[in-house]
Structures are given as C-alpha cells and as structure tokens.
1. What full-extension length gain, to one decimal in nm, is calculated for A:Met68 and A:Ala652 as 0.36 nm per residue of separation minus the Cα-Cα distance?
2. Using the Karplus curve 6.51 cos²θ - 1.76 cosθ + 1.60 with θ = phi - 60°, what ³J(HN,Hα) values do you get for each residue of the range B:44-60, in whole Hz, with x for Gly and Pro?
3. For a label point 7 Å from the Cα of A:Ser91 along Cα→C-beta, name the residues of the range A:182-205 whose backbone N is under 19 Å from it.
4. Can you list residues whose amide H is under 5 Å from A:Asn174's amide H, if they're 5+ apart or on another chain and H is modeled 1.01 Å from N?
5. Where does the range B:114-240 land on Rg(C-alpha)/(2.2 N^0.38 Å)?
6. Whole-Hz ³J(HN,Hα) for each residue in the range B:86-92, computed from phi via Karplus 6.51 cos²θ - 1.76 cosθ + 1.60 with θ = phi - 60°, x for glycine and proline: what do you get?
7. Specify the angular offset, from 0 to 90 degrees and rounded to the nearest 10, of the alpha carbon long axis of helix A:94-109 from the longest principal axis of the alpha carbons in chain A.
8. If the viscosity is 1.002 mPa s and the temperature 20 °C, what Stokes-Einstein diffusion coefficient in µm²/s follows for the range A:498-549 when Rh is the Kirkwood radius over Cα pairs?
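Please treat every number below as a calculation from the coordinates, not as lab data. Quick caveat: nothing in here was measured; it's all calculated off a predicted structure. Positions of Cβ are generated from backbone atoms using ideal geometry, with glycine treated the same way; all protein chains shown enter the neighbour counts.
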Amino acid sequence: MASTPETEGQKPKHRPIVRIGIFIIAHSFIVSVVCCTAGVLALLLLPVLAKKTYVSENALMPGSAIPMITDQDVSGANNFINELTSLNSKSQSLNIEIPRLIALHMANLGGEVSYHMFQNQPNKFHPLHFFTSTDTEANNVNQTCESYATNTVGIIRAPRGDGKECIVLVTPYNPVNLSPNETLSLGIAYSVFSLLTQVSWLAKDIIWLAADSQHGQYNSVAAWLKDYHTPSFGGSGKLHDDECHISNDIIATEVSDTLRRAGTMAAALVIKVTNTGEAGEQDALNIYAEASNGQMPNLDLINVVSYLAVHGQGLRVQVDKLVSLLDSTWLKFIGEVFETVGKIARSVNPQWKFGISVKEYVEGSATLVSSLYNQALGVPTGSHGAFRDYQVDAITMEISPKLLSNSKGRQTELLFRGGRLVEGVIRSVNNLLEKFHQSFFLYLLTSSNKFVSVGVYMIAFLLLVAPLPVLAASLFSDTIKSYVKSEKNEPFKSWRWLYPTKTVFLVYLWGAIVSLLPYFIYQIPDSQPTSRLLIWASLSLFILIVLGSFFRARSAEWALLKSVTVSSAFVGLCLMSVINFATAEIGALLLVPMCLMTKPWRVAGKVQSALNLVLVIIGFPGATFFVVKSVFGFENGSSLVEFWYWVESLWAWNSATYIYICMVHIPCWVLCIYILLHPC
Amino acid sequence: MSRFLSISILLLFVLYVSSESAGEEEFTEELLFRPLPDRKVLSHFHFESRAPPTNSYGHHHRLFPKAIYQLVHKYRIKQMELSFTQGRWNYDSWGGFDPIASSNAKPPGVELWAVFDVPPDQVDASWKNLTHTLSGLFCASINFLESSTAYSAPDWSFRSLSGNLRYGSLPREAVCTENLTPWLKLLPCRDKSGLSSLMNRPSIYSGFYHSQRLHLTSDEFDPVALNGIVLEQTLTIVLQPDSLETHPSFSGSRKLQPSWSMSSLFGKTVDGKCALAKSSNVYVQLEGSLVYNMKNTWNSIDSYEGDSNFGFTVSPDRMMKEINSVDKEGYSIIYGFSINNDHSSKPFDLGFWWKLPVTWSCVKAPLRVSRFLMGSGNEKGAIALSLQSTEWSQSLLKADNDGEKCNLRVDVFQLVPWYIKVYYHTTKIYVDGASQSLGDIIEKMSVSPSEDKVSPGVMEMILRLPCDMKSASLTLEFDKGFLHIDEYPPDANQGFDIPSAIISYPDFQTRLQYKLDTTSIKSPMVSKMQERRTILSYTEVLLVPLTTPDFSMPYNVITITCTVFALYFGSLLNALRRRVGEEERLRKSKDKSTGKLRLLLSKLSAKLRGKPWEPPSSTPPSSSSKFISTKVVIKIILIAAIAFGWQYYDG
C-alpha cells in the first residue's frame, strides 16, 4: 500500500502514521544504524539501569523471627557427620549403608522416612518429544542392584498444618565417594530437620531429600520429582525385584519403600557446601537460580535468601559471574565513560542518580553476561533446575567457607550459620499463604541485590530487532521502484517475492532436517565425537546441495531474497524472545548486523565485502563458540570434541537454544552466504 | 402449711410419674486418655445431653440447650454432625480401626452432614437455612456450604441413610477458640466446673490434632419417639506430654514412654464434677497390642497392682476388659475413675507413669489410603488414590484362606468442585502394578458430573479388591477450569482445595466389647464404643493451583480497550465526515487572506507533512524537500546546547 509510487501531480494524502512509516522506510539506512547502535548501547547500559531488589511479598517477613536452632541440634548434626565419616572410612557397601544411616537418623528425629530407588535414565535425544516430557519406555534391561541409586526422603508433618503444601530441602551426596563437603551439607540439613521436628509454627510439611547423586545431581532430583508428580503405576516402571531393596533390619520402624508425598511444593532449596579455596575474609554464599530454557525462580526467593544471608548471617552473597571479564580493559573504559557521564549528570542536577563506579559497572556486567549466557544456554545450573519443570521455585545455595579447616569449632560455626540461614528461609516461605507470585519471574541479575527487569532489558532487544522489518520493507519497495523504472512496459507482478520465499523456505526446511540428524547419527555405533561432528557437517552439506539441485531455485533478485531473509530472521528472533529471551538477545547481536550488512560481493565495495566476510565467519555457531572461548579464555580439551559435547548438552537438556540454532540461526547464516555469493 | 405440703408432695409425685414415663433429661461427662505409640497422648472428651421426646416431656428443658432443641425442631433434623478440625489424624501411628479413630478422625476444617425429616423437595431449603443458623451459632463461615456448588447428596456410599442426607465440607476453615466457646455454651456447666474446666485454651490448641465434634440424633418426628434428642459433643485432642529428653538419641526406640498427668497435659486439674452431670468419669484405655506386649512383665492382669508396667496416681475404681477382641493377640483394658465424690478441697489430678519401656503399634485401618495430585502445569492433571495393604489386611488373608477368592470391599466417596473438571471415563485402576479392567474391580459406581457454577462432581464407588494385593491405585484425569474474575477468593494464588475423599470398609465393623463388671455404671461413651460401626477414613485435602489472572488486569484491560475504542472511533469519524475537496478549497481561500505568521505556520506544517508546499503568493517553493533541513537541526542543537550550558553553570 505504501509502496505504490506516487507520480501523479496531485498525490492522495496519506494518514500521518502511514507517512511516518514511509519516511522511516525511506531512511532505512540511518534508522538501522541508529537502532543497532542504540540497541548495543542499551545492552551496555543495563548494569547502570539495574534496580535494587526488594522483598515484594509482605508475608515473607524475612528475619523477623529469632533463629531457634540450638546447640543440641548442632551437636546432633556433629555426631551425624562423625558417624558418616567413620562409616565412609570403614564400610564397603556404602551405597546401601549411607542411605540406611541417614534414614535411621531421620526416623529418630521423628520424620516419616521412605526410600526412593531409581535407575539412571541416560539422556537420549528424542527429536519427537522435544518439548514434551519423555515417557519412560520399558528399557529395564536386567540390571544389577548396583545400578539402582537410593534417595532417602524424610518428611516432617506440620503438627497443625493441613498438609496441602510442602517445602523441600535437597542435599545431594555421592555415597560411593562421600566428600567432606557433602557430609557438611548433610549436617546442615540434619540440624535444620532436627529443629523443625520440634517447632510448633510449621504450616507446611518439610521434605528432606538426601539425593543419591552417583548418577548425577540433577538426575537424582529429577527422578524423584518425576515419581512424585507422575508416577507410573504400570509394572515396567516399578522395581519388582525385592532383593534390591534395602533391608530394614537395624531399624524395624517404618521405613517405607513406597514414595511418601506431602502435597503441592511451595519452594525448594538445594543446599551445598563447596571448598573453593579462595581466601576471603567472610564465608560466601553462591546462589544459582537458572533452570532449563532460561526460566528463573521468583525473585522474592532470591531476595529472601540474600537478605537473610547478608543481614542475618553476615555471609557474602555472590551470583555466578564471568571472572575473565573483570580484568577486561574495554569494559573498564566503558565503565569510566558511564561514570563521567553520571558525574556530569549529577552536577547538572543532583537528583539525577545516574551512573555507578567503574568497579561496580565491571562486576555488574560480568554478572550480567554470565546470567545472560546461563539463561541463553537453557541448561540448568544445578539440581534446582529439575523443580522448575514442575513450576516449583527453587534455588541452589552453595555455601563456601573461607577456609575449611578440620577444626571442630569451625565446623560447628558453619553448621550454625548454614542452619540458621536455611531455617530463616524456611520460616519465611512457611509464612507464605499463597505461592510465589508477587515478584518478578523475568529478570537478569547484575549482582545479588540488583536486577534488570523485563521492561528494561526488552528495550535493548527491540532496538536491535527493529531495523529488520524496516530494511525488508525498504528493500522490497526499492526493488519495485527499480523494476518499474527499468521495464515500464511490463506490469509488475506482485507475486515476485514468492520465488525468493521458496528459496528461503527450502533453506529453513534444510535447517529442520539438520536439527533431526543427530538422532540418526546416534544410531551409528562406536563413533568418536569428532567423527560424529564431521558426519553431521558433511551430511548437512550434502542435503543442502541435494535440496538445492532438486528444487532448482530460480535465481531471484538478491534484494528480494535479502528482504525475505531479513523478515524471516525477524520472525524467528521474535518467536525465540518469547521462549527464551536471553538466546534471542545474543542471537540478535550476531544475526542482525550480519543480515543488515550482507550484500553480493560484486555489488558491494571491497571494505563492505571484507566486513561481510568477517561477520559471516563470526556468525557461524561453531566459530562463535571458538571465538568466545578464546576471548574469555576457557581452554580445555580438543576444540572440536568440546564443541560436539556443547551441542550434545543442548539437546540432552531439551534446550530450546538448540532448536533456535538449527532452525533460525543456521538457515539465516546460509542465506547470508548465498546472498554474499549471489551472481547478480 | 399442710396444704402447701400436700401440694408440693403432689407436685413431686406428678414430676416423678412423668419422669418415670418419659425419662429424664440427662447429662454425662466423660474423658478418655489413651497413650499413643509415638509418645503422644490422646484425650477424648465426651459430653452427652439427652432430652426426652417432646410429646411426653414438653418443650421446657432444664439441661438440654435450647438452641439445639429449636434447631432440631425448626429444620426437622433426624441426624446431624458438625466437626471442626485442626491438624491431621495420623492413621499410621494413631490407628484407624478402633471406634474413636473411626468416628473422631475428621478432615481438616469444617465438615457438616445432616439428615432431614422433610419431603425431598424441601431438603435443600432446610440445608441452606441450617448452614446459616449453624454459622451464626458457631462463629464460623459454615454459610459457604449454602451454595449448591459446595454440598452434595451422596446416595449410598457415605452412610446407608440416603435420600435426605446432605454433605459438605470446608477444608480451609480455620478453627480456633471462637468456635470452641459457643460449643462450650451448650454444656450445662460450660467450662466452669467439671471435666470441661480442663480445657485450657493454650494447651488444647497446641496439640497435634484437635477435633471438636457435635453429633445430634433425634427421633422426635418418628411416630413412636423413644429417645428424644441426643446431643453428643466430643473433643479429641492429641497432645505431646512434656518429657525431659526432647532428643531421642540413637537408641530412642527403646526408651521409656513419657509419663503424664492431667495437670501436665492441660495445666489444670478438675476440682469436682459438674453438679448437673449424672455421672462424671475419667477413663484410661490401653490398647490390645500394648497389653499383649506388656504381658511378660505383668503377672496378674486382672488386678491392677504395683507389679505392672505402669502406675496411676489415683487408684482406679473399676476395670473393664475387652471380650471378643478382633485382635487375636491382646485385648484392650479400660480403667475407670469416677470423680463423683471428689470434693473441691482435693482436686482430681490423674497421673500415669511408665515403669518399663514398651513399644506397640495401633490397629490400623485395613488399607493405608493416600490421595495425591499428578501432573504439572495449569492445564490438566490427575487425581490418584493409592490404597496399600497394612498388616491388618495381611492377617485377613490368613484368616480367610478357605479356597474361594477373598475380596475386600472399599467404598469411595469423593466430592470435587466444579472448576476441577474430572473426566470420569478416564478412570484407571492398577492392582499391584498391573492395569485392571474397571468391571473386574468396580462393583458399583455412580457418578454425577459437575455442572459449571451449579453443582460439584460427585463420585461414589464400590471397589472389590483382592485380599492378597499389595497396592492398588485409582486415577482420574481432570482439566482445570477457569473462574470468572470475581469468583476468585481473596487468596486465589494459594490454589484451590479438593475436599477429602471418604473411604469406608463396610466389611469391617469396629466394635470394642467390654465385659462390664457389676460395679460399673452405665457409661454412654463405653456403650458408644460397643456399637457396631463402619470403619471410615479420610484422605488428604488436595491443593490444586489454578490459573489466576493478574488481578490488576481489569485496569489494564480497561485502559487498552478505551485506547482502541478511541483510535477506532476517531478514525471512523474522521473518514466519515471529512471532505477532501472542500478542505482544499477552504485552505486556498484562507491562504489568500493569510498573514505572515499564518504563512510561516502553513509552510511548517506542509514541511512536516512531507509534501511540497504550494505557496499562496508568488514566493517560490522552498528548495529543500527534506523533512528536517540542516538549518532546523542546527537551531535545535544550538538551543539544546544553550539550555545545557545554562543548567550546567547555573546548577
């Protein structure tokens, strides 16, 4: 409508909004440059724009009660730790003895104990159930009892509660190789459990899951959650061989093999202790929150934990950050620029609280980058990720003591601190009448007490993506204009855009096929990662050539082709931003310049062609992977193998990023190359 | 004087005769203690008031509460039970088979059922009025049961009396002293004297289970009224006696059970019986398995003496032994203490202590029942009912080993609110992990599906489970519905409750028969225990998270709708009433008579419109057709710079 040229003397007057549209399309180049720059700038500004967190739900009331954990609870935990350590050094069949010991202690404290036995479910690529939960097929190959892992589950029934809701505590441990850190985390959970069996204020039941992580920390929790929420009553899923069950000869009391339940889960806390070895003046608490596909728990949960850790226990709260960014000079430079701008702004009007110090900025952006990357990857950062699949808010609290000496006093102090922290969090969540809904679910963290909400970070993405439709429209209208100019005698065919669309569609189809290929590659037995990767690449290339030759696409005009490519990239990015924003953001950073710049090398100048080449090379996912790795300095192992494992982890975790890469990113990249090599 | 005397004698005689013919009003108070295996103590208060039939006794009562009498008469109630419960009955460790567990274990919140003696078309109206009356009487929101979405009329699974029965429950109702006070007002002595004076609020509400029940039976409206109205008020509390060692250590299971006394449990003692009570008794019940486990250290069971496992601070007045025990191994014993002749100078404080450690377990219900939700997400889910065999059903198998296939009958009654849309055709039954066809297991099933905003879904089922099964599960799938925005409760984000299902085992009758010794007086509680009754158990209340709207949404919706409407109507009106030719003409005529300012303005507006300006006068059109000429840009930058500099140096 807007594109029909107005050559008549008396132009029909358009509505203002249409006129603005026409104007923007006519100046698409400036618009693109301005928008892209503004988008990148907005992204860089995010640490500056981050707001302080606040506890949004009033009912949580963190820290309003005095911690009740007593010496008795902690000394009990100390005894428990000692027993675990002595058992660890003595006994042979640890994967039976340790769960039994934990169960005995849980029962003695007054909990309702049950075992949950599960088998390792290897992560397999199921292309057809990508977003659905895979039903466990009857793949019970006759396995020995050693292949079963045993989660020990203790439940405290709230004395006056109605049992509709529960709070879950998870302590992963490996019975085969029990480390001192794991015993400490078990000890913390023990002290809390011991306290909670006696308190009268519980409104929600408490579940302590001592997760047997010999098949992986995530798997044990996921297996338990699966049986909790979607048990299979059919025989195939059940354990029918009785000899695998742990005999209850020591404790004749009620340890049931059937899974005990306790209502809808309100929140879950994963407790871990690590020994980072870095000597700080304070004990630190690391919070991990990212679940699959960039889903985050409610911000209130993180707020409560960090509030209690900082104000109650004097812990230093950290969120995962990209350490190598801390020393980067260019980030410091940008930080300095922002700082001076902020200073000037403040001197103009003291009320403009804009700008932060360089150190803050650099740390904020390092955290932000790590937060973006973890969300974009779509792989959970810990076993809390399993809870998010069932809409349960969960985080991992990793306590790293400043120096883990073996002295008794240090251990007791740590038990006290951890116990009080966990108790405080449980007490807050226990106060909650409703589920977490008050605070944000879509946010990026720039530090443990600062966040960027969706309303702010969306701007950067929108600015980045905005030039795409403008460019597409502009290219289309230009083509029509040039067509009309050149051959006036022949009427313009409005379906001309269909030919390039066919090409684009074919390439996208190819992308879909490529994304399914790994399933067939896995059927090849005994292949190395490198060979698998090569097979994948060569097969993809072959299919591309075959598709190209079969459906001999009429060589369309490159401008129209670019127009369609750009619009498809726009649609793909927008769709992805709904599923996983961080992926879309990073994808847009790579795709948008490439799509905007690409031009056949015969038409473009030398400089632009060179730039295009660089962009195209960087734009390929593998190349991006290596570039990022070398820039940030993670070097381990052969790079090809590593890339294969990286991709493998994506589909193993059902990450939507994999679909995005195969079905949006790579087709766009191929189309850009096609345009670049277009023979005009 | 003699005349007065004779009149009074006559009066007395008349009174005596009338009481002889129709019975007296009666009030009895009783309290039962029972040690529980998990170091807790069950206290069960039982108050019974009887009013003789109206046709023989009249309308005026000395003891019987008037409120209840009027309630019965106004709504023609045959039978009614109201319970307020806090906490959950632990079927595993407190037992599920004995009469007390099976009649006093109630679902959390409020449960009300009533049978009316009215024509079927008036039952609903009576029920609605009854809920309002009870709501006022007991300071609780029982009136929420008035809505037809909240109650149902079970046909046959809940109680055998059908037709005029209505059943409803409110799982979320909080129970507190405001409900207890009106309940106590129904007692003739309130809590001023007698056993009810033990009810110290902080101690009875700090227990592990608290259930306050009111049961009403009347045969007032029968042609031949015999009993009149019987009001039975019970309060069941599970308390943890304070013991010195709060921490059970490694060998905790073999420790001495905590000793307790009335004053340690309640913080109060009994000063004497309620003067209006016919009898006032305290009992201590020891379960069969406990007695059996103590046998080896116990020489002569028949006499309570010093050589037993335990001791009382007050020696019992009588002892009753169970006969025809269901539990083959042991029989339960009740020790009775009467506080009739106690004087207020010497308060009655019954204490109980253990001498040797002992462990035992209660008689459990035939099956352990648990109900849970399956699935995740806001779209759909499933309710699963899992039934697991206990020792009891194992022993049953041994007993009935006479060749033919033994079956266990289980009745299920489940009420589901309408916004949980249960698909009853998706019912699946698994026995021991194998899927079974419904016909093999279900003997009878009647389902009334829910109707949106009108009635809840009701499912009644008779299952025949094989005795030798270990576990059975029943699943039903459902879709989560949507509520209208003003139907959400204030705390909608908590989720929505599915009331407890009721599981009953009609094959089993719980009954404790005691051999009454000659000295014992008639005790309503003990006779209640001797009645045959079906074993009932309640499942957990479930919490279903439903999709909740953002409750600030209406505001947003109003804003956006108004914007859309404004845009639509604006452009519509614009398109309708605009005449382009006329405008053009008007502008041209205007241009002729325009001043310098007007000229400038029209020039600017034309520029803004991006359209070459046609000059009204002979001045040539401006050469720049650009939207923003460089001059304008420079001007703007200049002004901005001046403003900025001014701010900078001035501020």
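1. Roughly 205.9 nm would be gained on extension.
2. Values, residue by residue: 10, 8, 9, 10, 10, 10, 10, 10, x, x, 5, 5, 9, 10, x, 8, 9 Hz.
3. Only A:182-191 fall inside the zone, counting backbone N under 19 Å.
4. Those lying under 5 Å, H to H, from A:Asn174 are A:Ser179, A:Ser213.
5. Scaled against compact globular proteins, the figure is 1.20.
6. Running phi through 6.51 cos²θ - 1.76 cosθ + 1.60 with θ = phi - 60° gives 10, x, 10, 6, 8, 5, 6 Hz.
7. 70 degrees
8. 180 µm²/s
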